[in-house]
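The values are calculated or read from the model by the stated rules, or taken from the named source; none is laboratory data. Only a predicted model underlies this, so the values are computations on that prediction, with no experimental measurement involved. Virtual Cβ from ideal backbone geometry, glycine too; neighbours counted across all protein chains shown. Note: accessible area is taken over every heavy atom of the protein model, side chains too, but ligands, DNA and RNA are not part of it. Shrake-Rupley method; radii C 1.70, N 1.55, O 1.52, S 1.80 Å.
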Amino acid sequence: YSNTLFLMTSDDKNYCNSMFGNMSNVIITPKSFSPELDLAALVVCQHTIVTSGSFGWWAAFLTNGDVVYDKANPAPGSGLENDCPRISYYPPWYISLKN
C-alpha cells in the first residue's frame with residue numbers, strides 16, 4: 001500500500017495523540033466524535049487494521065476491504081481466547097501480521 005493515510009479511532013484519544021499525533025500520515029478522529037461517528041468514519045475507509053475488540057471487528061466487516069490483524073491477539077489462554085477461539089473470531093479472509 002503506497003501513500004497510505006491512517007485514520008485512528010479510540011476511546012483513549014489522549015493516548016493516541018501522544019503516541020501518533022505528530023505523524024503526518026495519521027489522522028485521529030476528534031475528541032468530540034461519538035462512537036457512532038468513529039464507526040461511520042472507519043466504514044468509509046478502504047482497509048482496516050484491527051485489534052481484538054468487537055468495535056474494530058464490526059468496522060472491518062462493514063468496510064469490506066483488506067483486514068489486517070495481529071495473530072498474537074487475543075493471547076492464548078486469555079479470557080477472550082477461551083470465550084471465543086481465534087478461529088471463530090477472525091474470518092479466514094483476514095490477513096495475519098504474523099505467520
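Taking first residues from segment 49-66 that are under 14 Å from Ser88 (Cα atoms) and in contact (Cβ under 8 Å) with a residue 24 or more places away in the chain and partners that are in a strand (DSSP E or B) and of a type in the set (A, V, I, L, M, F, W, C), the Cβ contacts under 8 Å between residues at least 6 apart in sequence or on separate chains come to Trp57/Val50. For segment 77-90, the count of residues that are touching a strand residue (DSSP E or B) at 6+ places or on another chain (Cβ under 8 Å) and either among the hydrophobic types (A, V, I, L, M, F, W, C) or surrounded by 11 or more Cβ atoms within 10 Å (Cβ to Cβ) (or both) is nonzero. Give me a count of the residues in segment 39-58 that are open to solvent by less than 60 Å² (accessible area, probe 1.4 Å) and under 19 Å from Leu80 (Cα atoms). The number of residues fulfilling the criteria is 5. Among residues of segment 26-38 being without any contact (Cβ under 8 Å) to a residue 24 or more places away in the chain and open to solvent by 50 Å² or more (accessible area, probe 1.4 Å), the one that is nearest to Leu5 (Cα to Cα) is Ile27. Residues that are of a type in the set (Gly, Ala, Ser) and within 12 Å of the chain's Cα centre (by Cα) do not occur anywhere in segment 11-20.
A count restricted to segment 41-88 and to residues that are closer than 22 Å to Met8 by Cα and more than 14 Å from the chain's Cα centre (by Cα) stands at 1.
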